[in-house]
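Q: Please see the structure below; I have some questions.
Derivation of every value follows stated rules applied to the coordinates shown; laboratory data play no part. Here the structure is a predicted model, which is why all the values come from computation and not from measurement. A quick note on method: Cβ atoms are made from the backbone with ideal geometry, for glycine too, and the neighbour counts reach across all protein chains shown.
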Amino acid sequence: MGSAVERTDELVREYLIFRGFTSSLRHLDVEIKADKEKGFRVDKIIEQLQQFIQSYDLPGLRDYWGYLDRRLFSRLEDIYRPTVNKLRTSLYRYYLVYTVQTARSEKTQEFFQKQAQELQGQTEWRDWFVLPFIPSPELNSIFAPYFSRQWADTFLVSLHNFLSVLFQCMPLPVLLSFDAEVQRSAAILEENELLRQTVFALQAEQPRLPKEEVMVHHKLPPYVQNMDRLGDTEL
């Protein structure tokens, strides 16, 4: 979907230039640059989340996830809410693990200070409030799994897949639907061309068979077929 949005943005930009709507074009460029949905590019969204984590920007991380929740996740059916909540919990744990691994204990403590009111009533966070006071949490049986590369990769892949499916299932505006139809038509034409070339190649590989000799039949008058019934006097 990301590439379709990119192509459509270019079409809109081209149209605005054609019409001379320079003010609208400037506003469009500003909006695209500040686009929090990153043109529905999943890789860009995850990259933005990781930038917040790597810069220890907890407010930015929290606000950005809140934006995604309001803009995208809130439109989902209620049956998907537990999945969204689990992804948010994993995102916060991913942040906490990063603060510990980079020896930024003050950021670990800051997280619980700012999030205590929201998290203290949630059972999945009950054991995590002792994290800042454990010397080597990566060796602790409770926290060790979260410090493994496997857990981090699994979380990022799960988040990526969830967003990808979400974008694929979103109802599209007319412009994006038109782009999808154009891409489908182009794919069909390309497939037909490949099939045509394959048929020609197969025909070229077949050995040329000698033409069968065609016997030319002589046509006689109609009465000849009844000559076996004629007497000699009629010849």
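Q: Using alpha carbons only, how many angstrom separate the centre of region 83-107 from the centre of region 29-44?
A: Each part's Cα centre sits 24 Å from the other's.
Q: Sticking with this one: Listed highest first by mean packing, meaning other Cβ atoms within 10 Å per residue, what order do 101-109, 26-34 come in? The partial results should precede the final answer.
A: Working: 101-109: 13.6, 26-34: 11.1.
Top to bottom by mean Cβ count within 10 Å: 101-109, 26-34.
Q: Project the alpha carbons of region 24-137 onto their principal axes and report the range along each, largest first, in whole Å.
A: Cα extents, longest axis first: 55, 34, 23 Å.
Q: Now, a different point. Put +1 on the Cβ of every Lys and Arg and -1 on every Asp and Glu Cβ in region 1-148; which of LEU76, PHE143, SER3 then has its Cα farthest towards the positive end of the dipole?
A: Result: LEU76.
Q: Put a dot 7 Å past each Cα toward the Cβ at THR154 and SER24; how far apart are the dots in nm?
A: Between SER24 and THR154, the label points sit 5.0 nm apart.
Q: So, one more: Please compute the length gained on full extension between SER164 and ALA34, using 0.36 nm multiplied by the number of residues separating them and subtracting their Cα-Cα distance. If you can, show how the numbers build up before the last one.
A: Working: separation 130, 0.36 × 130 = 46.80 nm, distance 2.09 nm.
Stretched fully, the SER164-ALA34 segment lengthens by 44.7 nm.
Q: Could you go through region 92-97 in sequence order and give the Karplus-derived ³J(HN,Hα) for each residue, using 6.51 cos²θ - 1.76 cosθ + 1.60 with θ = phi - 60°, rounded to whole Hz, and x for Gly and Pro?
A: 5, 5, 4, 5, 4, 4
Q: Find out how many positive minus negative residues lie around TYR56, taking Lys and Arg as positive, Asp and Glu as negative, among other residues whose Cβ is under 14 Å from that of TYR56.
A: Working: positive: ARG62, ARG104, LYS107, LYS114; negative: ASP57, GLU106, GLU110.
Surrounding charge for TYR56 is +1.
Q: Using the Cβ atoms and a cut-off under 12 Å, what net charge is assigned to the surroundings of ILE45, where Lys and Arg are +1 and Asp and Glu are -1? If you can, show how the numbers build up before the last one.
A: Numbers: positive: LYS36, LYS38, ARG41, LYS44, ARG71; negative: ASP35, GLU37, ASP43, GLU47.
Local net charge: +1.
Q: Using the Karplus equation 6.51 cos²θ - 1.76 cosθ + 1.60 (θ = phi - 60°), what ³J(HN,Hα) coupling, rounded to whole Hz, does each residue of region 99-109 give in order, writing x for Gly and Pro?
A: Coupling constants for region 99-109: 5, 6, 5, 9, 6, 10, 4, 5, 6, 5, 5 Hz.
Q: Let me ask you something else. In the neighborhood of LEU28, defined by Cβ-to-Cβ distances under 14 Å, what is the net charge if each Lys or Arg adds +1 and each Asp or Glu adds -1? Numbers along the way, then the final one.
A: Numbers: positive: ARG13, ARG19, ARG26, LYS33; negative: GLU6, ASP9, GLU10, GLU14, ASP29, GLU31, ASP35.
Result for the neighbourhood of LEU28: -3.
Q: How much length would be gained if the chain were fully extended between PHE147 and ALA201, taking 0.36 nm per residue of separation minus their Cα-Cα distance, in nm to one decimal? Could you put the intermediate results ahead of the total?
A: Numbers: separation 54, 0.36 × 54 = 19.44 nm, distance 5.62 nm.
Using 0.36 nm per residue and subtracting the Cα-Cα distance, I get 13.8 nm.
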